[in-house]
Every structure is written in C-alpha cells, then in structure tokens.
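J.: Below: one structure in structure tokens.
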Amino acid sequence: MIYDSFMGFIVEVWQPGRGPVLSSDDWMYLGHHILTSLYMTSTRWVKAGHISAMVLMFFGELSNPFMNLKLILEKALEQDCCKDVTWLPTLFVCNEQVFSICYIICRVFAASFVFPHLTYDLLIRGKKNAPMWLILCWLFLCYGVQFGSIPMIYTSIDTVKNGPLLS
C-alpha cells in the first residue's frame, strides 16, 4: 500500500532537476496512506483491532472504483484523441453521479452506524486486547479521516443536486 501510493504520486509530481513538487492535496494523499498503513500495522502488532481496520477499509474503498473511473475519464476528456467520442461526456456525468451517491452512502449514512459502534467496541471491549493509548490513536485516526472527508461530502451532495438525476 505504501509503495503503490508513494510511487503513484512520485511519478506524477516528479520534476527533473527539482525532485518532487508536492501540493497540499499530495501531502494529504501521502499522509492518509502512511497513517492508514500505521493503523493496519499496529493492529497486527497488538493482534487486536483488525476488524475495525477491515470495516473502515471496506467502507472507505467501496466508492474507489467509481472515483478511479472518474479520474480516468477526466484525463480522457482532456486528450485530443477522445474529443470526438460523443458518449464519453455522458459516461463521465453518469459515473460522477454514481460515485457521489456511493460516497454519500458510505461517508454519511453507513458512517452514522459504523463510527458509534466502532467507538463503543474499541473503548469498552477493546481495552482488554490493546493499550488505551493505541485505541485512542486509532479513534483519532478514524474520526480524522471522517471529518477530513467533509469537503468531499459537500461536493458529492452538490454533484447529485445539480446532476441529471435531480434536475
């Protein structure tokens, strides 16, 4: 995971003679993947908390195929070779709607049930299996990612409101 995320963005941001030139989004991307890897590694270290990591990854990655397709279609629409493909903009709009709906379901509706359960499970039952400082670190990371996704939640809501489904 660290290798993929590190190589994925180094290839994109490497400038000859200057090295990597990182934007604030790049730092967020890299930091997210490093902290996620630390979370997963620490669950292996204490042999506890792995279910929480799996549940969070499941809901975090559920919308990922649609997001990847969205990024691929954005790049395709910018290329001269794809300018004459008449159905590509329609596919982009449809995929953007599906991604936004999936993202809202995962980050708003499912998270409303997952996070309270996760908090209870880690604080009450988890303290038998993991040190409290580590549990608090896990919860800080979980809630940090959730609150960090608020701008994207609003963007997704606007996309659905302004898209063809509700227009």
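The values are calculated or read from the model by the stated rules, or taken from the named source; none is laboratory data. Note that the coordinates shown come from a computational prediction; the quantities given were computed from them, not determined experimentally. When we count neighbours, we look across all protein chains shown, and the Cβ atoms used for this are built from the backbone with ideal geometry, even at glycine. Ligands, DNA and RNA are excluded from the accessible area calculation, which covers all protein heavy atoms including side chains. Shrake-Rupley method; radii C 1.70, N 1.55, O 1.52, S 1.80 Å.
J.: Quickly run through segment 39-73 and pick out the residues that are open to solvent by 70 Å² or more (accessible area, probe 1.4 Å) and over 16 Å from the mean Cα position of the chain (by Cα).
T.: THR41, ARG44, TRP45, LYS47, HIS50, ILE51, ILE72
J.: Among the candidates GLY31, GLY17, which residue alone is surrounded by 11 or more Cβ atoms within 10 Å (Cβ to Cβ), out of contact with any strand residue (DSSP E or B) (no Cβ under 7 Å at 6 or more places or on another chain) and either modelled with pLDDT under 90 or not in a helix (DSSP H, G or I) (or both)?
T.: None of the others qualify; the one that does is GLY31.
J.: Follow-up question, since we're still on this one. Applying the selection to segment 151-167, what residues are over 16 Å from MET67 (Cα atoms) and of a type in the set (A, V, I, L, M)?
T.: Hits for segment 151-167 are LEU165, LEU166.
J.: How many residues does segment 78-104 contain that are open to solvent by 50 Å² or more (accessible area, probe 1.4 Å), within 23 Å of LEU166 (Cβ to Cβ) and part of a helix (DSSP H, G or I)?
T.: Total satisfying the criteria: 7.
J.: Looking at segment 120-131, which of the residues that are among the aliphatic types (A, V, I, L, M) and part of a helix (DSSP H, G or I) is surrounded by the fewest Cβ atoms within 10 Å (Cβ to Cβ)?
T.: Applying the filter and picking the extreme gives ILE124.
J.: Specify the residue that is modelled with the highest pLDDT; the eligible residues are those in segment 132-154 that are within 11 Å of ALA111 (Cβ to Cβ) and open to solvent by less than 50 Å² (accessible area, probe 1.4 Å).
T.: ILE153
J.: Next question, about the same structure. Of all residues in segment 148-167, which are of a type outside the set (Ser, Thr, Tyr), within 12 Å of PHE99 (Cβ to Cβ) and in a helix (DSSP H, G or I)?
T.: First, the residues of segment 148-167 that are of a type outside the set (Ser, Thr, Tyr): 148, 150-153, 157-158, 160-166.
After this cut, where a residue has to be within 12 Å of PHE99 (Cβ to Cβ) as well, the list is 152, 160, 163.
Scanning segment 148-167 gives MET152, VAL160.
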